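The values are calculated or read from the model by the stated rules, or taken from the named source; none is laboratory data. Note that the structure is predicted; figures quoted are calculated from it, not measured. Don't worry about glycine lacking a Cβ; one is built from the backbone with ideal geometry, like all the others, and counts go over all protein chains shown.
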Amino acid sequence: MTAKRLIIFIAIFQSFLWLIHFFLYETWTFSPVGNDTPEALWIKLVVGFLSVSFIGASLLAYRYNNAPLRAFYRFAAVWAGMLTFLVVAAGCSWIIFGVARVAGLEVNFHGIVELLFGAAIVAGLCGVFNAGWTRVTRTTVTLANLPAVWRGRRAVLISDLHLGHVRNGNFLRRMVAKISKEKPDVIFIPGDLYDGAAIDAGRAAEPLNKLVAPQGVYFVAGNHEQFGDDSKYLNAVSAAGVRVLTNEKVEVDGLQIVGVPYRHATHGEHFASVLRGIGVDQRRASILLTHAPDHPEVAEAAGISLQLSGHTHLGQFVPWSWIARRIYRQFVYGLSRIGNMQVLTSSGAGTWGPPVRLGSNPEIVVIEFR
């Protein structure tokens with residue numbers, strides 16, 4: 001994205017945030033009898049600060065990394081998540097008020113707003129709690145022509161940790177501990193280990209040194225590693241003992257493990273060209289590690305047996321989860337099939353933007369091969 005386009009995007013997004021906050025402010029201060037709630041200056045100042053907090057924190061986080069900024073970013077990110085629930089609550093308040101007026105009923109509008117805003121805040125806090133509770137989910141995958149030595153072996157799939165200003169090396173250490181308890185034979189990390197913010201990439205990746213799997217640990221870059229030059233992230237992951245796959249194939253006990261980073265898998269024709277160059281043997285079982293389930297039809301045509309992805313987060317929380325389902329259809333989450341290929345998409349272990357999950361759970365996926 002060019003600097004000009006980035007500035008335009010930020011301006012549009014910030015204008016959208018201003019409109020949302022104005023809507024919430026007007027909903028809170030509205031009085032149906034015509035006497036507006038006194039517009040205290042401090043309320044306006046708080047609303048004004050909140051309206052610019054997320055954009056401001058995000059811009060600072062892209063360049064700086066210190067304790068006060070991390071605290072500010074976490075606060076702004078949580079508030080950004082709360083906005084969705086509060087906007088829904090405000091909209092429902094107006095609908096209830098409108099229906100009551102049409103029906104000739106008198107209602108306490110501000111009482112309704114207080115009740116629904118309270119429920120929205122509770123929902124948001126539940127989402128914050130849920131986002132910090134990483135589950136271990138289990139699934140079984142049956143692959144044709146799977147080498148005999150791979151039958152019964154287990155893999156761990158962990159994606160989208162988004163190490164940055166909300167989650168850092170301590171979070172990764174907890175995830176590594178959870179993975180180690182599973183004693184996997186192989187570990188797959190399909191991108192977005194980092195969040196793309198200013199961070200000591202090497203220090204954040206150090207806990208990966210503790211990951212041990214007999215058949216290896218493999219990583220491909222996601223979109224957040226590839227906002228710009230991805231070398232610092234990839235070098236940090238490699239230094240931690242993880243095999244970074246970039247448009248290549250490795251053979252592990254007869255199983256083909258293929259890795260295509262996000263940047264090379266976003267456009268169907270280029271993705272197909274990359275897979276042709278890698279040279280997948282369609283007569284044998286293969287696993288493709290790529291960040292997003294954008295073009296599963298391309299991977300299926302190339303003869304891949306199983307694609308492992310993340311990226312979608314299952315939308316993180318409603319109503320964004322509904323939008324994610326519309327975009328990615330059956331590939332948005334879990335195990336699905338297209339032709340002769342299976343696709344396993346994880347909802348991810350971390351979060352992007354608001355550290356909120358409601359309607360989706362953070363997870364580590366344990367796969368048993370048959």
Condition check for G118: of a type in the set (G, A, S), part of a helix (DSSP H, G or I), without any contact (Cβ under 8 Å) to a residue 12 or more places away in the chain and surrounded by fewer than 12 Cβ atoms within 10 Å (Cβ to Cβ): yes
Filtered residues of region 95-123 (kept if among the small types (G, A, S) and at pLDDT below 95): G98, A100, A103, G104, G111
Filter pass, S31 being polar (S, T, N, Q), within 30 Å of G359 (Cα to Cα), touching a Phe, Trp or Tyr at 6+ places or on another chain (Cβ under 9 Å) and not assigned by TED's automatic domain parsing to the domain that holds H165: no
Residue tally, condition of a type in the set (D, E, K, R) and either buried (at least 24 other Cβ atoms within 10 Å of the Cβ) or touching an Asp or Glu at 6+ places or on another chain (Cβ under 7 Å) (or both), over region 153-192: 4
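Just give me the residues in region 205-234 being aliphatic (A, V, I, L, M), under 15 Å from P184 (Cα atoms) and either in a helix (DSSP H, G or I) or in contact with a Phe, Trp or Tyr (Cβ under 9 Å, 6 or more places away or on another chain) (or both), in sequence order. Before the answer, list the steps.
Looking only at region 205-234, we keep the residues that are aliphatic (A, V, I, L, M), and these are 205, 208, 211-213, 217, 220-221, 234.
Those left that are additionally under 15 Å from P184 (Cα atoms): 208, 211-213, 217.
Selection gives L208, V217.
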Lone unmet requirement of (1) more than 25 Å from V149 (Cβ to Cβ); (2) in contact with a strand residue (DSSP E or B) (Cβ under 6 Å, 6 or more places away or on another chain); (3) surrounded by fewer than 20 Cβ atoms within 10 Å (Cβ to Cβ) for P293: (3)
Hey, T142 in contact with a strand residue (DSSP E or B) (Cβ under 7 Å, 6 or more places away or on another chain) and modelled with pLDDT of 95 or more or not: no
Conditions (1) farther than 30 Å from I121 by Cβ; (2) in contact with a strand residue (DSSP E or B) (Cβ under 7 Å, 6 or more places away or on another chain); number of the one not met by A272: (2)
Of all residues in region 138-188 being in contact with a Gly (Cβ under 9 Å, 6 or more places away or on another chain) and among the β-branched types (V, I, T), the one that is farthest from G303 (Cα to Cα): V166
Selected residue (criterion: nearest to E114 (Cα to Cα)) from residues of region 43-91 that are among the basic types (K, R) and touching a residue at least 40 places away in the same chain (Cβ under 8 Å): R74
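Looking only at region 254-281, count how many residues are in contact with a helix residue (DSSP H, G or I) (Cβ under 8 Å, 6 or more places away or on another chain), in contact (Cβ under 8 Å) with a residue 40 or more places away in the chain and within 24 Å of S159 (Cα to Cα).
Of all residues in region 254-281, those in contact with a helix residue (DSSP H, G or I) (Cβ under 8 Å, 6 or more places away or on another chain) come to 254-255, 258, 260, 264-265, 268, 270-272, 274-275.
When the remaining residues are screened for being in contact (Cβ under 8 Å) with a residue 40 or more places away in the chain, the result is 254-255, 258, 260.
So of that shortlist, the ones also within 24 Å of S159 (Cα to Cα) come out as 255, 258, 260.
The number of residues fulfilling the criteria is 3.
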Residue identified as out of contact with any Ser or Thr (no Cβ under 6 Å at 6 or more places or on another chain), in the same structural domain as P147 (by TED's automatic domain parsing), of a type in the set (D, E) and surrounded by 14 or more Cβ atoms within 10 Å (Cβ to Cβ) among D253, D230: D230
Failed item in (1) part of a loop (DSSP other than H, G, I, E, B); (2) under 30 Å from A71 (Cβ atoms); (3) modelled with pLDDT under 95; (4) not β-branched (V, I, T), with N170 passing the rest: (1)
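Here are R284, R337, R329: which of them is in contact (Cβ under 8 Å) with a residue 40 or more places away in the chain and surrounded by fewer than 18 Cβ atoms within 10 Å (Cβ to Cβ)? Lay out the reasoning, then the answer.
Working: R337 fails: in contact (Cβ under 8 Å) with a residue 40 or more places away in the chain; R329 fails: in contact (Cβ under 8 Å) with a residue 40 or more places away in the chain.
The match here is R284.
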